[in-house]
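Presented below is the structure to which this report refers.
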Ligand SMILES: Nc1ncnc2c1ncn2[C@@H]1O[C@H](COP(=O)(O)OP(=O)(O)O)[C@@H](O)[C@H]1O
Ligand SMILES: [Mg+2]
């Protein structure tokens, strides 16, 4: 159970729409101990008034409907109940939610791109619901940029036999603060894949979670991050297997360089009593490129059933391998280029999984830009 | 015309002295075989010349055409014309063979090869070594069999055309067919007469395909006997026992 004193399942049992159900974090809580609260600009303690803006712009596939709805819309908050203080703050503070619906059995002809642009003028709160009806298929891109202090919740509701692929880019300006929950709820035989790319921002804390409402669900969650000096990039994954015969696979990889570059990865997987036949694996790998950078990586697996198909986790954090560099240099490739080849290879193996070519290329060139620093 | 001159080379690994004064000169047009029992320091010699960070030079010089290689970084040595085919080629995840080879050729030649020309050279080289075309897209050495790794080392040798090639047990672990293919590659490389080869091996088998001009017996970190090809025949018949006993 590692550093946690309590079982995972109890750590994750608290969720509520009501802000008052969550104490203001002090930093001593298991959920908050890695996050520098002083850099949250008040998102965690109620002092961040919603005086700023993050503009939501949707370039949608023609087959989907896009709606901007009020707080009382019945579809909001259906799949996800806030699981921590900032999430509850966001849930209680957003003004309008964006609801995107992919109708039953529709296969979208192109990706739907949601661009969220911070205007740098104070805190903002948001809510997005992406509903993929039974047997439908869609690709959704969330593209975060600009300067913002932003807390939001995103619900992915994936219907029976539906398929949803999500790419979420956190390409924020250097001063941005972003705390976000991405929750996917998978119905029977639903397939969900998420690809998270976090590069920009002063502090990004993204918590992707998955729950299942029927058997046969399959979640694949990948992430790539590149942490520079003074950045805090935190990813907290939770996969809650409560239904039989579902799968989950988590693979997050990051590179860190510079003084006080800090990556945090928490990978929690719970396999509950009813979740027989679960097949799950989670992996986090960090490449520490310089002194002064730090990666905290904590995989946690709690298995409450005797009948799993597979369950494993691994976490590695280390330097570039001297043998790799030697081999490349022994073929005349200069050190800096050899280093870039290896890092590009390490992250590129994951980035290759992004199916939308334009996004894949953008992510690759963003990584190139990081490597050129 | 190139010359690799190893002068009284002494090398330690983790404070343990391994090479105890090696002297050897390899000129272009010549093939030298270094033969010795396991653990005698053959790979240490190869790695030390190439500049592997684990090996500490405690004395001596290695000159390539008068330039002291020991003063150069690993990649500078390669660009100066040195090549090391490794006994255990390293697997590098995420770096494709074609990308790696293009980077290496670009670095060695000092300019990027024309794409079409490179594709042709690569295909020709792979065909000659019976390497499946699909290898170009695979990750460097990852999941390659022992024989595939060795053929891939020789492919690099042929593409990079160094002045001096050090081949560390390129023959070990190969079946007869693969040994012949690899030997033919080495012979193509030698053909021009403008390159020198230092062929490190444990067995005499490869020397039937790649004929050496000189044979050096290596034991306990130094050369203990030298001669022509006939010395290999003697080793074949008698083994290393006489040398290992004498060296200790
Ligand atoms: N990287 C290393 N770390 C520790 N010891 C080593 C290392 N490389 C070689 N040695 C030691 O040096 C000696 C010579 O090894 P090596 O050069 O590999 O011999 P050979 O190639 O002739 O079999 C051996 O005793 C071996 O254990
Ligand atoms: Mg050896």
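Where a number appears in this text, it was derived from the coordinates with a stated rule and is not lab data. Because the structure is a prediction, the values reported are computed rather than measured. Here the Cβ is made from the backbone with ideal geometry for all residues, glycine too, and neighbour counts use every protein chain on show.
Quick notes on this one:
- Ordering A:69, B:217, A:227 from the fewest to the most neighbouring beta carbons within 10 Å gives A:69, B:217, A:227.
- Per principal axis, descending, Cα span of region B:1-129 in whole Å: 48, 35, 26
- Antiparallel beta bridges, as assigned by DSSP with both residues in region B:138-248, represent about 50 percent of the total such bridges.
- Percentage relative contact order, region A:8-319, counting C-alpha pairs under 8 Å, at least six apart: 12 percent
- Gaussian network model of chain A, Cα within-10 Å springs - most flexible of A:317, A:207, A:109: A:109
- By DSSP, the beta bridges lying fully in the protein assembly as shown are antiparallel in about 20 percent of cases.
- Within the listed set B:80, B:46, B:33, the Gaussian network model of chain B (springs between alpha-carbon atoms below 10 Å) gives the highest mean-square fluctuation for B:80.
- Within 10 Å of the Cβ of each residue in B:86-93, the mean number of Cβ atoms contributed by other protein chains is 5.
- Between helix B:146-160 and chain B there is an angle of about 80 degrees, using the helix long axis and the longest principal axis of the Cα atoms.
- Ordering A:335, B:218 from the fewest to the most neighbouring beta carbons within 10 Å gives A:335, B:218.
- Distribution of pairwise C-alpha distances over the protein assembly as shown, 10 Å bins, in %: 3, 15, 22, 19, 14, 13, 10, 5, 1, 0
- Prolate/oblate/rounded call for region A:203-361, Cα gyration tensor, a/c under 1.5 rounded: prolate
- Percentage relative contact order, chain B, counting C-alpha pairs under 8 Å, at least six apart: 28 percent
- Using just its DSSP H runs of length 4 or more, each adding -39500 (n - 2.57), chain A gives a mean residue ellipticity at 222 nm of -4500 deg cm²/dmol after division by all residues.
- Whole-Å semi-axes of the ellipsoid equivalent to region B:129-222 (Cα gyration tensor, √5λ, descending): 23, 16, 13
- If you run the Gaussian network model on chain A, springs between alpha carbon atoms under 10 Å, then out of A:332, A:348, A:258 the most flexible one is A:332.
- Extent along principal axes [Cα atoms of region A:47-180; Å; largest to smallest]: 44, 27, 21
- Within region A:1-142, DSSP assigns beta bridges of which about 50% are antiparallel (rounded to the nearest 5).
- If you sort the three axes of the alpha carbon gyration tensor as a ≥ b ≥ c, you get a/c of 1.5 or more for chain B and a/b above b/c, which makes it prolate.
- Peptide B:97-109 - average C-beta neighbours from other chains (10 Å radius): 3
- For region A:44-155: relative contact order, % (alpha-carbon pairs under 8 angstrom, 6 or more apart): 36 percent
- Equivalent ellipsoid semi-axes, region A:321-373, via Cα gyration tensor eigenvalues times 5, rooted, Å: 24, 12, 8
- Cα-based shape type of region A:8-319, given that a ≥ b ≥ c are square roots of the gyration tensor eigenvalues and the cut on a/c is 1.5: rounded
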